[in-house]
1. How many of the residues making up region 36-64 are farther than 22 Å from residue 74 by Cβ and touching a helix residue (DSSP H, G or I) at 6+ places or on another chain (Cβ under 7 Å)?
2. It is to be established whether one or more residues within region 226-238 are in a loop (DSSP other than H, G, I, E, B), surrounded by fewer than 24 Cβ atoms within 10 Å (Cβ to Cβ), on the phi > 0 side of the Ramachandran plot and away from the ligand (no atom under 16 Å from the Cβ).
3. Can you tell me how many residues in region 191-225 are touching a strand residue (DSSP E or B) at 6+ places or on another chain (Cβ under 6 Å) and assigned to a helix (DSSP H, G or I)?
4. Those residues that are more than 19 Å from residue 386 (Cβ to Cβ), within 32 Å of the chain's Cα centre (by Cα) and free of Cβ contacts under 8 Å to residues at least 24 places away in the same chain, I need them from region 425-481; list them, please.
5. From the list 394, 473, which residue is away from the ligand (no atom under 16 Å from the Cβ), assigned to a helix (DSSP H, G or I), under 30 Å from residue 614 (Cβ atoms) and at pLDDT 95 or above?
6. For region 290-364, list the helices (runs of 4 or more DSSP H) that sit wholly inside it and hold at least 3 residues that are at pLDDT 95 or above, buried (at least 23 other Cβ atoms within 10 Å of the Cβ) and within 16 Å of the ligand (Cβ to nearest atom); which are they?
7. Determine which single condition residue 241 fails, assuming it passes every other condition in (1) within 14 Å of the ligand (Cβ to nearest atom); (2) under 15 Å from the mean Cα position of the chain (by Cα).
8. Please state which of the following conditions residue 269 fails to meet, knowing it meets all the rest: (1) away from the ligand (no atom under 15 Å from the Cβ); (2) not in a loop (DSSP other than H, G, I, E, B).
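The values are calculated or read from the model by the stated rules, or taken from the named source; none is laboratory data. These numbers were taken from a predicted model, which means no experiment stands behind them. Glycine gets a Cβ as well: all are built from the backbone with ideal geometry, and neighbour counts include every protein chain shown.
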Ligand code: GLC
């Protein structure tokens with residue numbers, strides 16, 4: 001695997017540096033801290049966080065409080081070479097700390113500043129679960145490139161992204177941050193994000209180091225409960241959860257972050273099989289592994305280590321290179337090395353990996369950011385805003401459009417209801433922390449910008465009661481109702497799992513009342529996870545999945561509702577019919593008793609087997625027909641071709657999906673696996689032939705000893721508009 005961080009001259013410089021470093025200085029490079037808050041506000045910090053999480057104070061108010069906080073940046077420890085990295089989003093302070101490290105410490109090794117730049121920074125793009133609905137590697141890379149450019153100008157060298165946790169359980173709050181449930185789509189997303197963030201050569205000062213997280217299988221947390229235990233066959237790890245990380249490593253990712261969860265009983269942070277054997281040796285990862293926040297300390301509560309000293313020992317032996325803020329390494333590594341429990345070579349390897357990335361980023365040559373560069377994006381460039389709008393509208397998924405109510409004509413008088421329609425700060429979704437709320441366009445503002453006549457009434461909050469009078473007031477003056485319903489940002493993301501994934505509060509009551517007015521009702525969903533909304537699917541004529549689309553959400557929703565953009569999004573995750581079906585995903589094994597026909601089959605007595613909306617699903621304002629699937633094979637590929645026509649009135653973009661099924665194998669295989677896709681734009685009446693190829697090497701699977709199996713036999717090849725609606729051909733393959 002070529003890795004552009006392995007630069008011979010740099011490796012030589014690193015050798016020389018390591019030879020000069022003391023044990024304390026090596027441990028310093030392995031230590032990342034967040035500035036500690038020492039006060040400056042009335043309440044204890046944990047209470048402030050609780051108030052923020054519960055929505056008792058908003059983001060803006062919290063920011064203001066934090067600006068006055070007194071922080072301890074431990075300048076003396078930096079000067080002594082005992083800190084190598086900060087989690088920091090403060091460009092001016094970063095320069096000050098950098099100056100101490102570079103000009104006042106003995107060896108002048110620069111700090112690396114990391115921050116959560118997950119789906120944008122000043123320009124916030126759709127949450128990853130939404131962006132993945134675009135199925136377009138190029139735009140995945142473009143949003144990462146803009147994010148990197150803005151973050152680097154803000155003295156952030158390292159983005160803690162992309163998050164690559166394949167997520168099959170809608171109860172899990174962090175599904176919002178993920179590229180969804182499919183390993184193939186997540187692998188395309190992974191390599192695009194790494195290339196977008198890092199560029200094609202290190203040293204460029206408008207790129208950042210990427211961080212593949214959370215390694216590994218965090219999305220498989222039992223019962224969708226965050227931080228919960230993870231147990232699975234190793235073959236499932238290799239075939240479903242590892243591929244996006246393999247793709248990110250192959251694309252040259254600089255860093256990996258260990259996950260909070262245990263994997264088959266051993267916390268990832270101290271799991272030598274995962275970190276050293278699999279990631280560093282088997283995959284050849286040449287960067288460094290950072291723990292998740294305080295996850296070394298978490299090993300005590302996992303019951304895997306007796307105390308922080310043992311956690312430090314086991315983490316370092318397992319191959320964890322940098323400690324995020326648990327103080328385990330800075331407190332215990334010196335003693336552990338001096339008493340011979342940890343070979344000093346392990347520290348040299350960790351330090352080499354860390355210095356490799358710092359040097360590759362050019363930090364030794366240009367460690368500071370000018371004031372001019374810091375303010376480069378105080379006003380967002382048009383290019384960034386346009387990309388935010390383009391990405392937002394392409395992430396929208398049209399789930400239902402009865403009687404073609406959409407698109408609406410600009411002359412329609414619109415009753416706009418729902419609290420979320422008028423909350424600009426709610427459009428950004430979880431893990432957005434570099435933006436200005438003045439850059440956020442609410443749905444209400446977007447519809448006004450589009451020139452619609454709007455009668456807005458809040459009518460119902462996510463957590464506040466439905467007011468029928470407000471509904472009536474708006475509905476009486478309009479001829480169509482747009483109801484914005486969904487979740488608050490605080491209801492998804494980290495530590496935000498839900499055991500009930502229906503619409504919170506009385507929002508469904510509001511929709512029922514809206515339907516009773518007799519006016520056409522358009523439901524626009526603003527949410528961070530698939531929702532179980534069977535009543536909406538059965539009764540509301542139009543359902544638009546608008547997720548949390550970032551700063552341009554309002555304009556993007558208006559573009560779609562008015563037909564200025566024909567929706568093309570395809571679900572990156574399955575929508576369960578009810579929470580009892582979770583985890584619900586398309587690429588499941590057949591079982592010995594598939595289907596729901598006979599009593600003795602794999603099904604529920606009290607729930608449907610089918611999901612509400614399948615993976616890959618998304619409607620358009622036009623329609624497409626698929627005909628004449630042909631499948632053939634060459635020595636190393638399977639080739640499929642299909643004729644697709646635009647049979648409707650609008651030009652539209654279609655994502656053509658190819659799935660395979662290995663019908664008989666030595667391990668049970670999924671009923672379908674996505675292996676290729678492509679996007680086409682067809683004018684009304686246009687017909688074209690689409691060809692897709694799958695390398696035969698991609699049609700195998702890993703067994704439990706990570707042997708890659710290519711087993712001769714019959715395969716089904718499916719090509720279609722989503723996982724469920726496909727043409728099928730069978731083919732016998734000899735590898
Ligand atoms: C958090 C998250 C991780 C994030 C890190 C730093 O707990 O799990 O995704 O990058 O801490 O904020």
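1. Result for region 36-64: 8.
2. Taking region 226-238 first, the residues in a loop (DSSP other than H, G, I, E, B) are 226-229, 231-233.
Next, from what is left, pick out any that are surrounded by fewer than 24 Cβ atoms within 10 Å (Cβ to Cβ): 226-229, 231-233.
Right, trim to on the phi > 0 side of the Ramachandran plot and you get 227.
Within this subset, residues satisfying the condition of being away from the ligand (no atom under 16 Å from the Cβ) are none.
No: zero hits.
3. So the count comes out to 2.
4. Hit for region 425-481 is 448, nothing else.
5. Matching residue, one of 394, 473: 394.
6. Details: elements: 295-302, 308-318, 328-338, 344-360.
It comes to 295-302.
7. (1)
8. (1)
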